[in-house]
């Protein structure tokens, strides 16, 4: 383990999430594709209260654009965390294009915790819950930051044990350095 830094990059790789996304895309594609086929190629009205051909094309285009954006969002989305002697940097792409930095002097405490994503933060992603702000992609482990102003930020991790070991080693190393000074 590198004592100079800790790095983690998480991606949306939950099977249930991808099945839900693919199901949604397939369902909307079949519904609107069927509507376009029946109404514009067969020349029959689609549904009990059909929209105009132009409306059907516009709504279908918007739905397909949304599907592509959804696929891109979860495919490209990632949470990257870097911890070193300067502090903690994190980026939840594509919502953060640049890393956010938290200096060690801004923090009162740092702890790896187990939490309840739905109860504490309303689920995964970027959220504000009763326990503070959270950036998490999966799981129920995270790095809980408590700022000197008492605000809280949780950064999810799938490497809880490695992160704990890094923090303990870094704190021990810092204390040894301070004692030697």
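None of the figures in this text is laboratory data; all of them are computed from the coordinates on show. The model shown is predicted, which means the values in this text are computed figures rather than measured ones. Quick reminder, even Gly has a Cβ in these numbers, built from the backbone with ideal geometry, and neighbours come from all protein chains shown.
Worth pointing out:
- Within the chain, helix-based [θ] at 222 nm, where runs of 4 or more DSSP H residues each add -39,500 (n - 2.57), nearest 500: -13500 deg cm²/dmol
- Rounded, prolate or oblate (a/c below 1.5 giving rounded, otherwise prolate when a/b exceeds b/c) for the stretch 77-117 by Cα gyration tensor: oblate
- Taking only the Cα atoms of the stretch 11-76, the radius of gyration and Dmax are 14.3, 45 Å.
- Rounded to 10°, Cα long-axis angle of helix 15-36 versus longest principal axis of the chain: 20 degrees
- Averaging the Cα positions of each part gives two centres, and for the stretch 58-87 and the stretch 12-26 these lie 14 Å apart.
- Order by protection proxy (mean Cβ within 10 Å, highest first), peptides 47-55, 4-12: 4-12, 47-55
- Cα-based helix-to-principal-axis angle, 53-76 vs the chain, degrees rounded to 10: 20 degrees
- Helix 160-180 vs. the chain, principal-axis angle (Cα, 0 to 90°, nearest 10): 30 degrees
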